[in-house]
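*Asks:* Sharing a structure with you now.
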Amino acid sequence: MRHARSFATIVASSVVLGGCGRDVQSMLAPKGIQAEQIAVLAWLLFGFGIFVLAIVIAATWLAIGGSARSRRILAQENTVLTLGIAFPVVTLTLLLGYGVWLTRALLDTDRDQNAVGIEVVGEQWWWRVTYLAPDGTPVASANEIRIPVATPIAFKLKASDVIHSFWVPSLGGKVDMIPGRTTHLRLTAERPGTYRGQCAEYCGGAHALMALEVIAMPASEHAAWLRRAAMPARAPQSDIEQRGQHLFLGAGCGACHTVRGTAAAGKLGPDLTQMGARRSVGIDTMPLTHDNLVRFITDGQHVKPGNLMPEFRFLQPPELDALAAYLLSLKAMDADG
Amino acid sequence: MRTIPRSRLLLFVRLIVLGLTSIVLGGFLLAWSGLYNVAASRGHWAVIDAILTFGMTNSVKTHALGIEARPLDSKDLVTLGAAHFQSGCALCHGAPGVPVSPIAQSMLPSPPDLSKSMREWRDRELFWIVKNGIKYTGMPAWVAQERDDEVWAVVAFLRRLPTLDAAAYRDMALGGLTVPAQSGREIATTEATSGAVSACARCHGEKQRGPNSRLVPVLHGQPVGFLMAALEDYANARRPSGIMQPLASDLSADDRERVARYYAGLAPPATPEPPSSDEAVERGRMLATRGDPGARIPPCMDCHNTSSLEVYPRLAGQHAAYMANRLRLWKNGLTSRSSTDAIMAPIARSLSEQQIEDVSVYFSSMHAPAPGKQNH
């Protein structure tokens, strides 16, 4: 519970600070190989920029107040050719070559067969995540991406409606998700931890609330988690959970949401098979709590304006309690938060 | 050319200003003194009456200019209009066999007896009058301004009205409902009238008889929860309808529950409509059971099946014309504060015209389950 609360604080403050001071979402605090390469490139560019600026300032200073000799040297054809053409051509070519080499690796162009494949589809305004279980069956999830540490992850990025952009600054660069095309991105997390990502391409009204979390966990834990995640949903145990499931199906939630192992098999909205194991409700809009779930079901258009889920305002408080209890119970028994 | 001297021009302007001021002042004094008689018992002078009528007629004609008339010869439209006319219009305007109420006759102007004579209006002008009402005459505006479809039903009936005799009118307006003659004690002690003004059955049918217009929903066997929620939404103006709002707001919460239970307990009427096209039924079935993920349309059956929550209507055996009309209302932007409408409206807006046709035909071709087989 304490963990959940401190996590909520982190999420809330990182929304406010946009990553400053916290390292869950900052390209200046790289936590993955690709992010480190980008950070190195960024610092390199920054240092080189300072170097060029120093030369320009020095040349200007000499041109205005320097001795007659230094002004003569500056005006020589050789100086202009060296500093004005040769220097930029050589350095920019080197930088471009380095940049292309770097991006090539990031964009997963060589399709490493050992990489773990995860498909992420950008939707207005959430992330449809599909893992592949060891036996090859796809495992649908949403909004939270769990990856093994120190393993290259090959992301297949798609979009279902408009252009989105997938960016987890602590782990790597951003890549657009374009309807009708598949783009690729390779990320490798070096340390376990939670890294926040955001849609980085304006995609409509609730774009600012389209965030996600990448949770890097030790490879053995990840394998166990994926096995659990591939199982059908946990059957309701208590009375209230059973009533909740009855309401869930009766209210037609299954028209849009899937809970594997039940009649709910909708594909329009996020898969809820592991809803109770998630850390947020409304796609990273609010921390996952009973009250926030109820609020999203009855007042979702205020929480996340324009989102495609209609408000179910006719549900009465006892019904909402049962529904929330059922949704919170949807997690593999020994899943850790 | 003769020029007017400046001094004469000034005098002229002064006279005009003075004249206008005294007219305004005089008018105010007349109103303030209370000498003008507003009594409806006194009537207008003939000349005032002629001017008012002239102004009213031209105002209606001008304002109705942009309205596009619809085909009005459908029997369903006329029957629905007749049923509403009986409860909403006949009290003041009379009908074949229904005299204008003496109270209405004492209004100024007294409402025209439409069973005897009607000014020659175009369809669009009648539509404008029924929808907007007429200021200072007592003619009210349509209760639900967003329900043009209902207004057109009344216009369709008004076009038919001159051809009806008392028996034909009664048959149409009462929808085949037979009101037994009342005993003296009943007449003396109940509010029920032979006009059956507030009887649901005039439109929705009763016992084995379904609705008399295919634009009216079949209520037989619907869940009590849905019927009560719909009546409550009408009564509180959360669900717009110029026909249902006045009737539902007359019912107490207990009345609403009792009448909901009555219809919920009725067996579905008659047989389903024979489908016009098997392909349409098949397309409708696919949409109803699988949805159209590409257009973000969920399957209808996830909410409209026999084990769905009571607050959702069951659609099997519903009239295609009613369903298509309702879906089109949402598609064309009907906004509603009803909590279930808020769920359905965005879905309906995503439906194509073809899908509306298909899914309506599909549900109308299905057998409605008998009451009691539903999960309450």
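*Asks:* Give the relative contact order (percent, whole number) for chain B; include only Cα pairs under 8 Å separated by 6+ residues. Before the final figure, lay out each step's value.
*Replies:* Working: 490 pairs, mean separation 54.3, N = 376.
Normalised by residue count, the contact order of chain B is 14 percent.
*Asks:* While we're looking at this one, here's another question. For chain A, calculate the relative contact order in percent as a whole number, restricting contacts to Cα pairs under 8 Å that are 6 or more residues apart. Walk me through the numbers on the way to the answer.
*Replies:* Details: 604 pairs, mean separation 52.1, N = 337.
15 percent.
*Asks:* To continue, here is another question. May I ask you to work out the translational diffusion coefficient for the stretch B:199-264 at 10 °C, viscosity 1.306 mPa s, via Stokes-Einstein with Rh from the Kirkwood sum over Cα pairs, reported in whole µm²/s? Walk me through the intermediate numbers first.
*Replies:* On the way: Rh = 11.9 Å.
Once the numbers are plugged in, D ends up at 134 µm²/s.
*Asks:* In units of 2.2 N^0.38 Å, what is the alpha-carbon radius of gyration of the stretch B:75-174? Working shown, then result.
*Replies:* Working: Rg = 12.7 Å, N = 100, 2.2 N^0.38 = 12.7 Å.
Its radius of gyration relative to the 2.2 N^0.38 Å reference: 1.00.
*Asks:* Kirkwood hydrodynamic radius, the protein assembly as shown, all distinct C-alpha pairs: what's the number in Å?
*Replies:* Numbers: mean 1/r = 0.0313 Å⁻¹.
Averaging 1/r across every pair of different Cα atoms and inverting gives 31.9 Å.
*Asks:* Per-residue HN-Hα couplings for the stretch B:122-135, Karplus 6.51 cos²θ - 1.76 cosθ + 1.60 at θ = phi - 60°, whole Hz, x for Gly and Pro?
*Replies:* Taking θ as phi minus 60°, the curve returns 6, 3, 5, 6, 4, 4, 4, 5, 5, 6, 9, x, 10, 3 Hz for the stretch B:122-135.
*Asks:* Take each uninterrupted DSSP H stretch in chain A, measure its Cα extent along the helix axis, and return the ones at 20 Å or beyond whose mean Kyte-Doolittle hydropathy is at least 0.5. Write down the numbers at each step before the final one.
*Replies:* Details: long enough: A:2-17 (22 Å, 0.86); A:33-65 (48 Å, 1.98); A:87-106 (28 Å, 1.44).
In chain A, the long hydrophobic H runs are A:2-17, A:33-65, A:87-106.
*Asks:* Calculate the mean, over all residues of peptide B:298-306, of how many other protein chain Cβ atoms lie within 10 angstrom of the residue's Cβ. Before the final figure, lay out the partial values.
*Replies:* Values: counts 10, 7, 2, 2, 13, 6, 2, 4, 0.
Mean number of neighbouring Cβ atoms from other chains: 5.
*Asks:* Could I ask something else about it? Based only on the alpha carbon positions, what is the Kirkwood hydrodynamic radius of chain A, in angstrom? Let's see the in-between values first.
*Replies:* Details: mean 1/r = 0.0446 Å⁻¹.
Computed over chain A, the radius equals 22.4 Å.
*Asks:* Across peptide A:251-262, what mean number of C-beta atoms from other chains lies inside 10 Å of a residue's C-beta?
*Replies:* Details: counts 7, 12, 3, 4, 10, 6, 2, 0, 0, 0, 0, 0.
The per-residue average across the peptide is 4.
*Asks:* A further question on this structure: Can you tell me, using C-alpha contacts under 8 Å and at least 6 residues apart, the relative contact order of the stretch B:75-174 as a whole percent?
*Replies:* Values: 115 pairs, mean separation 42.6, N = 100.
Computed over the stretch B:75-174, the figure is 43 percent.
*Asks:* Quickly estimate the mean residue ellipticity at 222 nm for chain A, helices only: each DSSP H run with n ≥ 4 gives -39500 (n - 2.57), and the total goes over all residues, rounded to 500.
*Replies:* Details: 8 runs with 127 residues, N = 337.
After summing the helix terms and dividing by the residues of chain A, the value is -12500 deg cm²/dmol.
*Asks:* Distance from the Cα centre of the stretch A:257-319 to that of the stretch B:74-139, in angstrom?
*Replies:* Computed from Cα coordinates, the inter-centre distance equals 50 Å.
*Asks:* Using a 10 Å cut-off on Cβ to Cβ distances, tally the other chain neighbours for every residue of A:302-312 and report the average as a whole number. Walk me through the numbers before you get to the answer.
*Replies:* Values: counts 0, 0, 0, 0, 0, 0, 2, 2, 9, 3, 6.
Partner-chain Cβ atoms within 10 Å, mean over residues of A:302-312: 2.
FYI, it's all coordinate maths here, none of it is from the lab. Treat the numbers as computed from the prediction; the structure is a model and nothing was measured. Virtual Cβ from ideal backbone geometry, glycine too; neighbours counted across all protein chains shown.
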